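S.K.: Mind having a look at this structure? Questions to follow.
The values are calculated or read from the model by the stated rules, or taken from the named source; none is laboratory data. Everything numeric here is computed off the predicted structure, so don't read it as measured data. Cβ placement follows ideal geometry from the backbone for every residue including glycine, while neighbour counts extend to all protein chains displayed. Only protein heavy atoms, including side chains, enter the accessible area calculation; ligands, DNA and RNA are left aside. Shrake-Rupley method; radii C 1.70, N 1.55, O 1.52, S 1.80 Å.
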Amino acid sequence: MRVIPIAPLTLDSADACSDESYGYVPKLSLPLARREFLKGSGILMGTIAAGSVLAALAPSPVWAVELKQLSESEGTTLMAMGRVLYPHKKLPDAVYALLAKDLDGKADALPVVKAGVASLDQATGGSFVKASPAKKLAAVKAIEGTPFFNTVRGQCVTSLYDNDMAFAALGYPGSAWEKGGYITRGFQDLKWLPAPSQVASPPPFFG
(Lines give C-alpha, C1' and ligand atoms only; values in the text may rest on other atoms or scores of the structure.)
Protein backbone atom coordinates (compact mmCIF):
# COMPACT_ATOMS: atom_id res chain seq x y z
CA MET A 1 0.00 0.00 0.00
CA ARG A 2 1.32 3.46 -0.86
CA VAL A 3 1.00 5.77 2.12
CA ILE A 4 0.88 9.53 1.77
CA PRO A 5 2.61 11.07 4.84
CA ILE A 6 0.15 12.32 7.43
CA ALA A 7 0.22 14.86 10.23
CA PRO A 8 -1.59 14.55 13.59
CA LEU A 9 -5.15 15.83 13.87
CA THR A 10 -6.97 16.54 17.10
CA LEU A 11 -9.70 14.13 18.09
CA ASP A 12 -12.37 16.88 18.19
CA SER A 13 -11.69 17.83 14.56
CA ALA A 14 -11.68 14.23 13.44
CA ASP A 15 -15.01 13.22 15.00
CA ALA A 16 -16.94 14.87 12.17
CA CYS A 17 -15.31 12.50 9.67
CA SER A 18 -15.24 9.27 11.69
CA ASP A 19 -17.98 7.10 13.14
CA GLU A 20 -15.59 5.36 15.54
CA SER A 21 -15.65 6.54 19.10
CA TYR A 22 -11.93 6.10 19.70
CA GLY A 23 -10.45 6.46 16.25
CA TYR A 24 -9.47 9.52 14.29
CA VAL A 25 -8.94 10.51 10.71
CA PRO A 26 -5.52 12.17 10.36
CA LYS A 27 -4.87 15.36 8.45
CA LEU A 28 -3.56 14.38 5.04
CA SER A 29 -0.41 15.58 3.38
CA LEU A 30 -1.58 16.03 -0.20
CA PRO A 31 0.92 16.27 -3.08
CA LEU A 32 1.42 20.01 -2.63
CA ALA A 33 4.21 22.16 -4.00
CA ARG A 34 4.85 25.73 -5.15
CA ARG A 35 4.82 26.09 -8.92
CA GLU A 36 8.21 27.83 -9.05
CA PHE A 37 9.91 24.79 -7.53
CA LEU A 38 8.41 22.35 -10.04
CA LYS A 39 10.72 21.92 -13.02
CA GLY A 40 9.18 18.90 -14.73
CA SER A 41 7.76 18.55 -18.21
CA GLY A 42 4.20 19.15 -17.01
CA ILE A 43 2.49 20.50 -13.91
CA LEU A 44 -0.98 19.39 -12.79
CA MET A 45 -2.62 21.77 -10.34
CA GLY A 46 -6.02 22.17 -8.72
CA THR A 47 -7.98 22.80 -5.55
CA ILE A 48 -10.00 20.69 -3.13
CA ALA A 49 -13.70 21.55 -3.21
CA ALA A 50 -14.85 23.51 -0.18
CA GLY A 51 -17.17 21.49 2.04
CA SER A 52 -15.80 18.09 1.00
CA VAL A 53 -14.34 15.59 3.48
CA LEU A 54 -10.84 16.25 2.17
CA ALA A 55 -11.24 20.01 2.51
CA ALA A 56 -11.43 19.57 6.27
CA LEU A 57 -8.47 17.19 6.38
CA ALA A 58 -6.03 18.65 3.85
CA PRO A 59 -3.39 21.14 5.04
CA SER A 60 -4.17 23.35 2.02
CA PRO A 61 -6.97 23.57 -0.57
CA VAL A 62 -4.36 23.75 -3.35
CA TRP A 63 -2.47 20.75 -4.75
CA ALA A 64 0.16 20.31 -7.45
CA VAL A 65 1.74 17.26 -9.10
CA GLU A 66 4.93 17.32 -11.17
CA LEU A 67 5.28 15.22 -14.32
CA LYS A 68 8.77 14.38 -15.59
CA GLN A 69 7.99 12.95 -19.03
CA LEU A 70 4.37 13.76 -19.81
CA SER A 71 3.08 17.23 -20.65
CA GLU A 72 0.35 18.98 -18.70
CA SER A 73 -2.07 18.29 -21.57
CA GLU A 74 -1.23 14.57 -21.58
CA GLY A 75 -1.60 14.45 -17.80
CA THR A 76 -5.04 16.06 -17.81
CA THR A 77 -6.15 13.67 -20.56
CA LEU A 78 -5.10 10.69 -18.44
CA MET A 79 -6.98 12.16 -15.48
CA ALA A 80 -10.11 12.51 -17.63
CA MET A 81 -9.73 8.96 -18.93
CA GLY A 82 -9.40 7.72 -15.35
CA ARG A 83 -12.72 9.36 -14.49
CA VAL A 84 -14.36 7.62 -17.46
CA LEU A 85 -13.01 4.23 -16.37
CA TYR A 86 -13.62 4.70 -12.63
CA PRO A 87 -16.05 7.60 -12.04
CA HIS A 88 -16.27 8.75 -8.43
CA LYS A 89 -17.84 12.09 -7.57
CA LYS A 90 -16.30 11.88 -4.10
CA LEU A 91 -12.75 11.61 -5.38
CA PRO A 92 -11.11 14.98 -6.13
CA ASP A 93 -8.91 15.62 -9.14
CA ALA A 94 -5.89 15.32 -6.82
CA VAL A 95 -6.46 11.56 -6.67
CA TYR A 96 -6.78 11.22 -10.45
CA ALA A 97 -3.59 13.28 -10.78
CA LEU A 98 -1.80 10.42 -9.00
CA LEU A 99 -2.79 8.19 -11.93
CA ALA A 100 -1.00 10.52 -14.36
CA LYS A 101 2.03 10.79 -12.06
CA ASP A 102 2.34 7.00 -11.71
CA LEU A 103 2.07 6.47 -15.46
CA ASP A 104 4.63 9.24 -15.94
CA GLY A 105 7.03 7.14 -13.86
CA LYS A 106 6.69 4.02 -16.01
CA ALA A 107 9.42 4.48 -18.60
CA ASP A 108 8.60 1.29 -20.49
CA ALA A 109 4.93 2.30 -20.89
CA LEU A 110 5.49 5.93 -21.94
CA PRO A 111 5.48 5.34 -25.74
CA VAL A 112 2.17 3.48 -25.48
CA VAL A 113 0.71 6.10 -23.14
CA LYS A 114 1.74 9.06 -25.29
CA ALA A 115 0.41 7.44 -28.47
CA GLY A 116 -2.81 6.47 -26.70
CA VAL A 117 -3.41 9.98 -25.40
CA ALA A 118 -2.92 11.37 -28.91
CA SER A 119 -5.43 8.86 -30.28
CA LEU A 120 -8.04 9.92 -27.71
CA ASP A 121 -7.62 13.56 -28.66
CA GLN A 122 -7.92 12.70 -32.33
CA ALA A 123 -11.03 10.58 -31.76
CA THR A 124 -12.78 13.43 -29.96
CA GLY A 125 -12.06 16.23 -32.39
CA GLY A 126 -8.79 17.50 -30.92
CA SER A 127 -9.36 17.52 -27.15
CA PHE A 128 -10.50 14.54 -25.12
CA VAL A 129 -10.66 16.70 -21.98
CA LYS A 130 -13.10 19.19 -23.55
CA ALA A 131 -15.28 16.54 -25.22
CA SER A 132 -18.77 15.74 -23.95
CA PRO A 133 -19.20 12.82 -21.52
CA ALA A 134 -20.84 10.77 -24.28
CA LYS A 135 -17.93 11.34 -26.67
CA LYS A 136 -15.40 10.51 -23.96
CA LEU A 137 -17.16 7.25 -23.17
CA ALA A 138 -17.42 6.29 -26.84
CA ALA A 139 -13.73 7.05 -27.41
CA VAL A 140 -12.64 4.95 -24.44
CA LYS A 141 -14.92 2.06 -25.38
CA ALA A 142 -13.48 2.12 -28.89
CA ILE A 143 -9.98 1.33 -27.57
CA GLU A 144 -11.05 -1.30 -25.04
CA GLY A 145 -8.60 -4.19 -24.97
CA THR A 146 -5.69 -2.25 -26.53
CA PRO A 147 -2.32 -2.06 -24.71
CA PHE A 148 -2.97 1.60 -23.88
CA PHE A 149 -6.40 0.88 -22.41
CA ASN A 150 -5.10 -2.05 -20.36
CA THR A 151 -2.13 -0.04 -19.10
CA VAL A 152 -4.27 2.83 -17.85
CA ARG A 153 -7.01 0.62 -16.44
CA GLY A 154 -4.49 -1.55 -14.60
CA GLN A 155 -2.75 1.47 -13.08
CA CYS A 156 -6.08 2.91 -11.92
CA VAL A 157 -6.52 0.06 -9.43
CA THR A 158 -3.57 1.13 -7.29
CA SER A 159 -3.29 4.83 -8.13
CA LEU A 160 -6.92 5.68 -7.38
CA TYR A 161 -7.65 3.39 -4.45
CA ASP A 162 -4.42 2.68 -2.59
CA ASN A 163 -3.86 6.10 -1.02
CA ASP A 164 -4.98 8.00 2.05
CA MET A 165 -6.99 10.57 0.09
CA ALA A 166 -9.22 7.86 -1.39
CA PHE A 167 -9.54 6.14 2.00
CA ALA A 168 -10.83 9.36 3.56
CA ALA A 169 -13.14 10.26 0.65
CA LEU A 170 -14.67 6.77 0.40
CA GLY A 171 -14.95 6.20 4.15
CA TYR A 172 -12.43 3.36 4.51
CA PRO A 173 -11.03 3.47 8.07
CA GLY A 174 -7.83 1.65 7.16
CA SER A 175 -6.23 -1.51 8.48
CA ALA A 176 -7.63 -2.81 11.77
CA TRP A 177 -5.15 -5.63 12.41
CA GLU A 178 -2.75 -3.53 14.46
CA LYS A 179 -5.70 -2.06 16.40
CA GLY A 180 -7.11 -5.38 17.55
CA GLY A 181 -9.14 -6.42 14.51
CA TYR A 182 -12.61 -5.51 13.30
CA ILE A 183 -14.74 -6.93 16.11
CA THR A 184 -15.02 -3.54 17.82
CA ARG A 185 -13.87 -1.49 14.83
CA GLY A 186 -16.22 -1.71 11.88
CA PHE A 187 -17.62 -5.23 12.30
CA GLN A 188 -21.25 -4.08 12.23
CA ASP A 189 -21.11 -0.58 10.77
CA LEU A 190 -22.92 -1.28 7.49
CA LYS A 191 -24.74 1.92 6.57
CA TRP A 192 -26.08 1.48 3.03
CA LEU A 193 -28.49 -1.43 3.73
CA PRO A 194 -31.34 -1.87 6.27
CA ALA A 195 -30.20 -3.18 9.65
CA PRO A 196 -30.45 -7.00 9.77
CA SER A 197 -32.40 -8.82 12.44
CA GLN A 198 -30.74 -9.90 15.70
CA VAL A 199 -30.90 -13.52 14.54
CA ALA A 200 -29.26 -12.79 11.21
CA SER A 201 -26.53 -10.63 12.74
CA PRO A 202 -25.99 -11.25 16.46
CA PRO A 203 -23.49 -9.25 18.51
CA PRO A 204 -19.85 -10.44 18.33
CA PHE A 205 -18.76 -13.13 20.80
CA PHE A 206 -15.98 -12.05 23.17
CA GLY A 207 -15.69 -15.28 25.12
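S.K.: For 143, 183, what's the largest-to-smallest order of accessible area, 1.4 Å probe?
M.R.: 183, 143
S.K.: Could you check how many percent of all C-alpha pairs in segment 77-207 are farther apart than 27 Å?
M.R.: Details: 3242 of 8515 pairs.
It works out to 38 percent of all Cα pairs.
S.K.: Taking only the alpha-carbon positions of segment 91-168 and ignoring solvent, what does the Debye formula give for the base-10 log of I(q)/I(0) at q = 0.14, 0.18, 0.24, 0.26 Å⁻¹?
M.R.: Results for segment 91-168 at q = 0.14, 0.18, 0.24, 0.26 Å⁻¹ read -0.49, -0.80, -1.21, -1.28.
S.K.: Give the calculated FRET efficiency between residue 185 and residue 49 to the nearest 0.05, with a Förster radius of 25 Å applied to their Cβ-Cβ distance.
M.R.: The computed FRET efficiency comes out at 0.30.
S.K.: Then there is this: Please sort 76-89, 122-135 by packing, taking for each peptide the average over its residues of neighbouring beta carbons within 10 angstrom, highest first.
M.R.: Descending mean neighbour count gives 76-89, 122-135.
S.K.: Mind running the shape call on segment 142-207? Use the C-alpha gyration tensor, a ≥ b ≥ c as the square roots of the eigenvalues: rounded below 1.5 for a/c, prolate if a/b tops b/c, oblate otherwise.
M.R.: Working: a/c = 3.35, a/b = 2.16, b/c = 1.55.
Here segment 142-207 falls in the prolate category.
S.K.: Which entries in 106/135; 89/114; 106/141; 135/191; 106/191 show an alpha-carbon gap greater than 31 Å?
M.R.: Over 31 Å Cα-Cα: 135/191; 106/191.
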